[in-house]
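Down below is the structure, laid out as structure tokens.
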Amino acid sequence: MEPIYAGRQRFVAGEVFIGVVVISALYFARPVLIPLAMAVLFSFVLTPPVVRLRRFGLPEMPAVMIVVVFAFLIITGVAGIIGLQLTELAVDLPRYQSTLEEKADALREAASGSGLAKSVGDFLQGLNKEIAPSTRPPPNPAPGAEPTPAAAEPLPVTVVQPAPKPIETIQSIVGPMVEPLLNMGIIVVFVIFILMQRRDLRDRLIWLTGARDLRRATLAIDDAGERLSRYFSTQTAINTGFGVLVGAGLWLIGIPNPVLWGVLAMLLRFVPYIGTFIAIGLPLALATAVDPGWAKAGWTIALFATLELVVSQAVEPFLYGRSTGLSPLAVMIAATFWTWLWGPVGLLVSTPLTLLIVVVGQHVDRLSFLAVIFGNAPALTPAESFFQRIMTGDANETAEQAARYLKNRTLIDYYDEVAMPALRMAQLDANSGALEPERLRAMAQTVAEVIENFDDYEDGDKPPVRPASPAKAGAEVKPPASVLCIAGRSPLDETAAHMLRQVLDQQDIGVKIASASEFSSARIFSYDMSGISLICLSYLAAAGAPSQPKFLIRRLRRIVPGVKIVAGFWTQDVDAAAPEKLAQEAGADAIAITLREAVDYCLGELGDGPDQKGTQHSDVVETTA
């Protein structure tokens, strides 16, 4: 054991070391990776227009250059608008000082010495003093107080700076612009090369991800690129519309610089979850400053809340589904990680990068764990979830899962598609010794509690599995048919028998449940078989099927020779042996693989009409014993 444990330790240490190296590389290579990441995202947005221009017969180079130049002009224009609007806002801010002072005084009077409101009023008043201390008159001395002696006037000191040289003036203007322009240039160059070489890059990525299965890898890469391009393009269009509506709404409300706030709302909405809350901050503060009352602030909040609600709950689900396919927790973790790693740019690109990781994980088997970690798809299938819940003995949660499933499906569908595969997993584990007999019995008891919750369940408006024949006038009333369901030796075999009993009850067919021990060689003749119209055997992933029920069927033939027998090998792998062969080996009249097949057979054999008796069913194989 010690070498294995030591090997696991070395494996974990190696994984941790690789993770540290990757994160360190992402951090220290920011000057190159950030422009590259932005370029990749821009290339997904710009690929559809390039493809459209190519379809019109335009060569590759002109198509790419037209799209890139057009996008660059749009980005430059937006940046210029933001700069002009910020300059105008800075000039107009002193005009709003008096309104802020009045609201600060009003808050202080409304506070009447109370804690929180008084603190807010003091803060706003102190903020006003800091904005323009020279405009505030000196405080009047209290009545009866002696005037304080005037402080000695300080000697004026003037610091004379030498006239800047022309080169220094140029450096002060151009210096702060060098890094943004350099990054923009790198991004533009990367975008051009990615768009020009996108087919070659795709081929190289296909070779890296699936050189042995080119068809699958090609379909995966094309699907990933199409989905990401569609998502980024749609998100850009939605956020642009959101920004336009915000700007128009703020203009109607009367908020200064509405174009600036509309552009910022458009950009900040790319930030997951908190972008809209950040975007509303400055317009709300400005609405408070320009309006002596609170009406504009209230209308601003209503505008942002209404637009965000409509866009997130109606527009986005209509255009590309309910969500981005990402887990909300994963989005928040990714936003925190990329912000810590790359700053504000990381926050902006966190959702697209995480979505890219999920798409890759969905198509590359070796990276499928990424789709499980970051995606919003359930990590477990419904059958696996059912198995996990009965393992923990949680009958209530299992019943809740069933209730959610039954909103759109029938009870027999739930049993066949969810419960039976889960029971098969449990039985196979028991056959291999992975499940102790005590645990298996506890799981069977949990499933029995779940089944009991649906004893009175009806499928509502859903049609029955097969409609019953109407009663004929003057016909002799026959006693209700009864089916004897004999369970195998496993506790789960009896559980499956109770599922069959429940779905047959919905068809007004009575069912009696018996255990295999009651039909042993010594006890079979003592069992009361009166009123039994059909016999159904219940085996769930039985070891040695179909030879296991063979001798039981022979004994049953001796005591009730005229009764049809259907053997239910639930979840049996029909590819392993043909159904006809299963029926012949077991000696049964028919074989049922699912509950629906068993119900269809019972309805066919026990129906009123002559057309039902002996009818051949497409899903049930009937043979002569």
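Computed from the coordinates by the stated procedures, all read-outs in this text should not be read as laboratory data. The model shown is predicted, which means the values in this text are computed figures rather than measured ones. Backbone-built Cβ (ideal geometry, glycine too); neighbour counts: all protein chains shown.
Distance between the modelled labels on Leu36 and Met65, one decimal in nanometres: 2.7 nm (7 Å Cα→Cβ projection). Of the chymotrypsin sites (Phe, Trp or Tyr not before Pro) found in region 49-100, those in coil by DSSP whose Cβ has at most 11 other Cβ atoms within 10 Å are Phe56. The simple Förster model, with R0 at 60 Å and r as the Cβ-Cβ distance, assigns Asp394 and Leu205 a FRET efficiency of 0.85.
Using R₀ = 30 Å, calculate the FRET efficiency as 1/(1 + (r/R₀)^6) where r is the Cβ-Cβ separation of Thr236 and Val21; round to 0.05.
Details: r = 34 Å, r/R0 = 1.15.
After rounding, the FRET efficiency stands at 0.30.
Taking label positions 7 Å along the Cα-Cβ direction at both Asp528 and Phe56, the computed distance is 8.7 nm, reported to one decimal. Note on Val189 and Arg409: with the Förster distance fixed at 60 Å, the Cβ-Cβ geometry gives a FRET efficiency of about 0.65. In this simple spin-label model, placing a label point 7 Å from the Cα along the Cα-to-Cβ direction at both Leu86 and Ser520 gives a separation of 8.8 nm.
What list do you get for Asp416, Asp92, Asp429 if you sort them by fewest beta carbons within 10 Å?
On the way: Asp416 21, Asp92 14, Asp429 18.
Fewest to most other Cβ atoms nearby, the residues stand as Asp92, Asp429, Asp416.
Annotation: the residues Lys407, Lys550, sorted from fewest to most other C-beta atoms within 10 Å of their own C-beta, follow the order Lys407, Lys550.
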